[in-house]
Structure formats: structure tokens, C-alpha cells
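Single-structure report; data block below.
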Amino acid sequence: KLVKEAYSRLNESVRASHILIMVEQYANPEDTLAAYKKIQNIRKKAVAGENFAELAKTYSDDPSGKINGGDLYYFSSLQMVYPFETAAYSTQKGKISEIVRTRFGYHILKVTDKKPSLGKVQVAHIMIRSSEGMIAEDTLKAYRKIQEIYSQLEKENDEAKQKTLFENLAKQFSEDYRSRERGGQLTNNGNPEFTSGTLVPPFEEKLSTTKKGEITAPFKTAFGWHIVRLIEKDAIEPFEDLQPILQQKIAKDSRAEIQQAVLIDKLKTENGFSQNKKVDDILTQMAADSAIQKANMWTVSRFETQNPKLAKDKNLFMVGTKNYTLDNFASYLEKENKLPAPEKALPFLREEYQNFVAQKIIDNEKLLLSKKYLEYRFLLQEYYDGILLFKIMEQKVWAKALADQEGLMSFYEENKENYRWQDRAKVTIYNAADQKTLSMLKDSLKLGYYAVDNFQPLKLEFDRRNVKLSDEQTKKLAPFALAAKTNPSYVFTLEAAKGIGETNEMMNNRIDAIRAFFKKEGIENVRFVAQKIGNAKVAKAIIQIKILTTNYKVLEKRFNKENALRLEITNGLFEKQAQPILSKIDFKKGDYTVEENGRMYYVIVEEIEPARVKKLEETRGVVISDYQQFLEKEWIEELRKKYEFTTDEKVMQSVLEKNAKH
């Protein structure tokens with residue numbers, strides 16, 4: 001029944017908001033009643049038409065309610081605790097639910113929407129990272145980049161061509177590096193299919209109105225900006241196919257409490273159960289003994305001293321032929337380190353007593369399983385054999401491969417030709433939008449130094465014949481020195497214009513003063529890459545200082561001001577197959593210009609590292625895996641020599657046939 005109900009609810013998604021008034025698990029009756037009256041009064045306000053979101057912000061004990069007005073967005077079966085889920089599915093759209101009790105406390109819900117389930121979908125996305133805490137400049141850059149990608153996709157009206165373009169753009173620009181090589185296709189733990197509740201809410205909202213083959217406009221999540229393409233959309237599987245999966249999920253869900261109660265009642269009847277009629281009196285006396293609570297010593301001897309009239313009733317219950325006493329229950333409480341506040345002792349003891357009874361009934365059933373069920377007996381033996389094999393494998397193979405460094409090194413030395421780098425190129429790849437951009441890029445690269453946009457040139461004026469830096473001038477130089485200290489790629493150029501009647505020596509003295517200031521701040525003279533003294537005569541001598549950088553990545557920022565996809569730069573040491581564009585060039589030192597998929601690539605190969613054997617530290621994980629396989633094979637050969645064995649061909653054939661069916 002629970003499985004069928006869960007399946008039925010999977011066909012519908014519910015959007016609801018809630019208000020929570022928290023009640024502790026073992027709250028005393030007064031606190032429980034106070035919480036109930038509070039949620040009751042809030043519900044009256046909600047039913048009367050007061051704004052539910054404002055009520056949630058004002059009263060709800062759920063911290064998120066202060067932010068989102070209690071909105072839980074869309075959910076489906078098995079995503080909320082069972083009583084909450086049932087209330088949501090039982091309440092009509094636009095209505096307020098009855099009061100619901102869960103382990104968190106009391107809730108009321110407002111169901112704001114119900115719609116058919118998303119079903120099963122396969123999706124691809126292009127993501128540009130943008131998150132809280134990013135500097136404004138990077139946030140704007142991400143927004144402009146996703147808009148430019150979307151603009152290119154919108155221009156393509158043919159669905160098949162748009163699909164190809166989407167995949168190419170994902171491979172080129174998506175910053176979800178796990179999905180980009182698949183053309184942006186997402187997977188759910190290796191499974192390409194997603195269902196309601198397995199995607200972040202903004203994804204699900206967009207996909208609910210998107211048709212197969214369509215793309216969404218850019219939208220924002222906590223991870224960044226996304227454009228999503230809906231690859232496939234299907235209804236959920238038939239009940240028969242989902243039944244085993246649902247059964248597993250229900251076993252871990254709060255519904256399991258219902259199943260547990262039914263099972264306990266069944267086992268009580270099957271295996272025999274009887275209980276002392278005065279159990280609740282005993283629990284009440286235990287709860288009243290504050291000294292015992294403080295000492296955490298609920299024992300028979302103390303109980304007999306404090307409650308002589310009940311001492312003879314130390315046997316609490318019997319399962320099958322075994323008695324369980326007050327001492328057993330006290331030991332359970334002590335082992336679990338469970339000690340409530342005095343005012344919560346009785347509800348605590350009543351609940352823990354039921355848990356203790358259930359535990360002992362289940363323990364008893366476990367002892368009987370192999371007698372009651374023949375298949376279970378065989379299965380248990382299989383598990384035992386499997387665990388034994390696992391332990392031996394761990395000792396002989398897995399742990400040994402990790403611990404035996406000498407053996408690992410020896411294995412590596414004997415097999416190192418299997419672990420090789422192919423020829424690798426140290427490259428910088430410039431991916432430009434068009435030929436014009438590429439030409440401008442090449443002109444910029446010839447200079448070797450690039451302007452830093454957030455630093456304007458600094459002009460320092462000097463009175464005639466004055467060669468020393470003033471306090472005001474050193475203050476102006478300080479930000480330049482700080483920037484250079486924090487960014488090793490920054491360098492400086494100096495351009496000087498002499499004052500009327502001044503000599504080159506005077507200008508050199510001023511330049512030396514500037515250099516000395518920077519050296520005092522930890523900036524070496526080597527960072528000054530150019531110096532020029534002009535012949536023009538001016539009223540006051542002027543020295544202009546510029547910050548440049550050797551980091552060509554700043555070119556991306558400059559070129560992408562208007563079009564976020566105009567230029568992308570990648571550099572590193574790559575095998576040919578690691579970067580698709582490398583297969584389009586001669587794999588040797590030099591620079592290459594290539595047109596591919598409507599874009600221009602300029603590839604500078606600085607050097608080729610010849611193919612070589614990988615060092616152990618470069619491939620340790622793979623070597624360990626291979627060493628484990630070697631040890632396993634060696635061990636099996638050893639066992640074959642030591643023990644005789646035969647194969648029952650009939651049984652083997654039946655196993656193969658059975659596996660083939662699955």
C-alpha cells in the first residue's frame with residue numbers, strides 16, 4: 001500500500017509553504033500544549049486570509065522562513081517526512097492544511113500549486129560561474145558572457161544546427177568542467193536521467209515549460225548562470241519497474257516507522273510476547289526518581305530500595321522464552337547514554353521502552369531467521385563467505401598494495417613502459433571570435449607587455465633643479481609599489497621630460513630616487529623594463545610611470561569588454577588529444593593559425609616535451625591499481641597450486657543463463 005501510494009504521488013509535484021512551531025521530542029505536556037495553541041492561532045490567521053509568507057516570517061521557527069516566507073518550492077513523493085508529505089498531497093491548491101505533527105514540531109502548510117511531475121528528463125547546460133562574494137567586475141563579466149552565448153544560440157533557428165552549436169559552445173566556454181566534454185550533458189551519479197526533486201529548483205521550473213530540443217533563456221542559480229537544453233523528456237517508468245527502488249527508499253523513509261510497527265505486531269504473535277501489566281507504573285516511578293536521573297543509574301538494586309512494593313515486578317517482558325528485566329532496560333539506557341531532563345523523563349522512558357521492546361523482538365527474529373527460512377540460511381552463508389573473502393583480499397591484495405612501498409616500486413620499475421606520456425606540447429592557445437580579433441591580438445602580443453586597466457599612468461612634476469621626492473609624491477607612488485608586491489607579473493616603464501635648462505643628469509637623479517623608493521619597498525630594479533628621457537623642454541620636469549604586466553591573460557579582459565566570447569586563452573602542458581585544436585597543427589615548436597568551427601585559433605607551441613615514462617608520483621593511483629590486480633592474480637595462482645578444485649558445469653551454465661536474463 002505504501003509503495004503504491006508513493007508511486008501515485010510521483011506523478012504529481014506539489015509546491016507548498018509552511019510554518020513550523022518547534023516542539024522538542026520529549027517536551028513536557030505543558031510545552032507541547034503551548035506549541036499546539038500557538039500553531040492553532042497562526043492557522044486561524046492564515047485561514048482568515050492573512051498573508052501566509054508574512055506569517056511565516058513573523059512566527060515560523062524554520063530559519064529559512066525569515067528569508068523565503070516558508071516557500072519549500074516543488075517537491076514530490078519521498079522528499080519530505082511522511083506526515084508532512086501526506087498533508088501536502090491531501091490539501092487542495094490554495095488551501096491551508098490541518099495542523100501536522102512531525103519529529104520537528106507542529107506545521108501548517110499552504111499549498112500554492114500542483115502540477116504534473118517533471119517525469120524523466122535528460123538535460124545539457126552551459127554554465128558560467130557567478131556566486132556571492134565575487135567582485136563586481138567578475139560578476140558583470142559572467143553575465144555578459146552568458147548573454148553573448150545565448151545571443152549566438154538564438155540566431156540559429158534550425159534545431160539540429162542549434163544542437164551542434166550548443167554542444168560546441170559548451171565544449172568551448174562552459175565552466176562546468178565535468179559536463180563540458182559531453183557537450184554539456186548532465187548526469188545524476190552516472191545516470192543521464194533526472195526526475196522531480198533531483199535538479200535544483202530553478203532548473204526544474206524552467207524545464208517544466210520547455211519542450212524537447214528547446215533551450216532556455218539564461219537563468220541564475222547559486223552556482224552561476226545557466227542555459228539549459230532539454231534533450232529528452234519521458235513519463236516515469238511503470239509501477240512494476242519502479243517497485244523495487246521504491247521499496248528500498250521507503251525502508252529508509254519515515255514511512256518505515258509504520259512498517260516497523262506492523263512488523264513488530266506480527267512478530268509478537270508469531271514468536272510469542274508477554275508483558276508485565278505494571279510496566280507503566282514502573283516507568284512512572286523511574287521518572288519520579290530525580291536522584292536516579294542525575295546519577296544515570298536506573299538499576300534493579302536502587303529501584304528495589306526506592307520502590308519496595310514494585311520490586312517483585314522487575315521482569316518487564318518476555319520474548320519467546322527469554323525474560324527482559326529492569327536491569328536490561330537500565331543497561332540499554334546507560335549504553336545509549338540517554339538521560340533526559342527531569343520534566344521530560346516520563347515521555348522519554350515510555351518511548352525508549354517501546355524502542356527497547358522492538359529491538360529485542362527484532363534481535364529474537366534474527367536468531368530464528370535461519371531456522372524459519374531456508375533461503376535466508378543459504379544467503380547468510382553466502383554473506384559469511386563473501387566477508388571472509390573480502391578480508392582475505394584486503395590482507396593479501398588491497399592493503400598490501402598500499403603499504404608495500406618497496407613492492408610497489410619494484411612493480412613500477414618492471415612495468416614502467418606501460419606508464420608513458422605521449423609527446424606533450426607546452427602551449428598557449430588563443431581562441432578568437434574572428435580574423436579581425438586575431439590580427440589585433442597578434443599586434444598586442446608583439447609588445448610583450450600589456451597595460452593594466454585599473455592603473456592609470458602616474459605623472460610626477462618636479463620644480464626646476466629639484467631632484468628629491470616630496471612626501472606627496474611618495475604617497476602617490478605607494479599604491480604602485482603595493483600592487484607590484486602583490487602581483488609579480490607587474491613591471492614599470494618610466495618616461496621623463498626635462499625642465500627648461502635641465503640636464504640628463506638631473507633627470508637620472510630623479511629616476512634613481514624613484515627606483516630607490518621602490519627598492520626600499522621590496523621592488524627590484526629589474527622590474528623597470530623601459531626608461532626614456534625626452535628632449536622636449538617644459539616649465540616643470542615631468543616623469544610618467546606606467547604599470548604594465550607580463551600576464552597575457554589581461555588581454556582576455558580587454559578584448560571581451562563588448563563581447564564576452566571574443567577571446568579565450570588556455571595554456572599548459574598537453575598531450576595532443578587533450579586539446580582538440582592540437583590535432584589540427586604540426587605538433588612541433590612554432591606558432592600556428594587555424595580556423596575551426598567558425599573561430600580563429602592562434603597556437604604558440606613553446607616546446608615539445610618528448611614522450612617519456614611517467615614518474616611514479618605522476619601515475620601512482622594507476623600503478624597501485626595495476627599492482628593490486630597483479631597481487632590478486634599471483635595469489636589465485638598460488639591457491640590453484642595448493643588446492644585441487646573442480647567446476648560443476650551444470651551449475652555454472654545455470655548461473656550464466658540466469659545472469660544473461662538480467
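Quick one: would you say SER90 is hydroxyl-bearing (Ser, Thr, Tyr) and surrounded by fewer than 18 Cβ atoms within 10 Å (Cβ to Cβ)? Yes, satisfied. The criterion of at least 2 residues that are modelled with pLDDT under 90, surrounded by 14 or more Cβ atoms within 10 Å (Cβ to Cβ) and aromatic (Phe, Trp, Tyr) is met by the following helices (runs of 4 or more DSSP H) wholly inside the range 247-365: 326-335.
Residue-by-condition table, conditions (1) touching a Cys at 6+ places or on another chain (Cβ under 7 Å); (2) closer than 25 Å to LEU447 by Cα; (3) modelled with pLDDT of 90 or more; (4) outside the structural domain of LYS459 (by TED's automatic domain parsing):
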| residue | (1), (2), (3), (4) |
| --- | --- |
| ILE500 | no, no, no, no |
| ALA516 | no, no, yes, no |
| VAL526 | no, yes, no, no |
| GLN531 | no, yes, no, no |
| VAL538 | no, no, no, no |
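Taking the stated definitions as given, is ASN525 exposed (fewer than 15 other Cβ atoms within 10 Å of the Cβ) and within 44 Å of the chain's Cα centre (by Cα)? In short, no. Only residues that are among the aliphatic types (A, V, I, L, M) and without any contact (Cβ under 8 Å) to a residue 12 or more places away in the chain were counted in the range 581-628, giving 0.
Of ALA496, ALA484, ALA530, all but one fail to be buried (at least 17 other Cβ atoms within 10 Å of the Cβ), closer than 24 Å to TYR552 by Cβ and among the small types (Gly, Ala, Ser); the exception is ALA484. Within the range 11-51, being within 30 Å of SER117 (Cβ to Cβ) and assigned to a loop (DSSP other than H, G, I, E, B) holds for ASN11, ASN51. Only one entry of GLU205, GLU156 meets the criterion of being assigned to a loop (DSSP other than H, G, I, E, B), of a type in the set (Asp, Glu), within 22 Å of TYR143 (Cβ to Cβ) and in the same structural domain as LEU230 (by TED's automatic domain parsing), and that entry is GLU156.
Listed here are the residues, each with its yes/no results for (1) more than 27 Å from the chain's Cα centre (by Cα); (2) aliphatic (A, V, I, L, M); (3) outside the structural domain of PRO201 (by TED's automatic domain parsing).
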position	(1), (2), (3)
THR32	yes, no, yes
ALA53	yes, yes, yes
TYR73	no, no, yes
ILE108	yes, yes, yes
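Assessment of the range 77-97 against the conditions (among the small types (Gly, Ala, Ser), in contact with a helix residue (DSSP H, G or I) (Cβ under 6 Å, 6 or more places away or on another chain) and closer than 22 Å to VAL200 by Cβ) yields at least one matching residue.
Does GLU556 satisfy the condition of being free of Cβ contacts under 8 Å to residues at least 40 places away in the same chain, part of a helix (DSSP H, G or I) and closer than 30 Å to ALA481 by Cα? When the stated conditions are applied, GLU556 passes them. Using beta carbons and a limit of 6 Å, which pairs, at least six apart or on different chains, have the first residue in the range 366-390 and more than 21 Å from VAL319 (Cβ to Cβ) and the second one exposed (fewer than 12 other Cβ atoms within 10 Å of the Cβ) and among the hydroxyl-bearing types (Ser, Thr, Tyr)? So the pair list comes out empty.
Scanning the range 95-104 finds no residues that are over 28 Å from GLN248 (Cβ atoms), of a type outside the set (A, V, I, L, M), assigned to a helix (DSSP H, G or I) and more than 29 Å from the chain's Cα centre (by Cα).
Each row is one residue, and each column tells you yes or no for (1) of a type in the set (Ser, Thr, Tyr); (2) within 25 Å of SER208 (Cα to Cα); (3) assigned to a loop (DSSP other than H, G, I, E, B); (4) modelled with pLDDT of 95 or more.
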| position | (1), (2), (3), (4) |
| --- | --- |
| TYR89 | yes, yes, no, no |
| LYS115 | no, yes, no, no |
| LYS141 | no, no, no, no |
| GLU148 | no, yes, no, no |
| GLN152 | no, yes, no, no |
| THR164 | yes, yes, no, no |
| LYS171 | no, no, no, no |
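Restricting attention to the range 86-132, the residues being of a type in the set (Ser, Thr, Tyr) and within 30 Å of GLU148 (Cβ to Cβ) number 2.
Inclusion of GLU54 among residues that are out of contact with any Asp or Glu (no Cβ under 6 Å at 6 or more places or on another chain), surrounded by 18 or more Cβ atoms within 10 Å (Cβ to Cβ), part of a helix (DSSP H, G or I) and not small (Gly, Ala, Ser) is not warranted.
Taking the criterion of being under 22 Å from TYR7 (Cβ atoms), surrounded by 15 or more Cβ atoms within 10 Å (Cβ to Cβ) and hydrophobic (A, V, I, L, M, F, W, C), the residues of the range 182-241 that qualify are PHE194, LEU199, LEU207, ILE236.
If you filter the range 366-375 down to residues that are in a helix (DSSP H, G or I) and over 39 Å from the mean Cα position of the chain (by Cα), you find that the one that is surrounded by the fewest Cβ atoms within 10 Å (Cβ to Cβ) is GLU375.
The values are calculated or read from the model by the stated rules, or taken from the named source; none is laboratory data. All of these numbers come straight from a predicted model, not from anything done at the bench. Please note: Cβ atoms are built from the backbone with ideal geometry, for glycine as well, and neighbour counts cover all protein chains shown.
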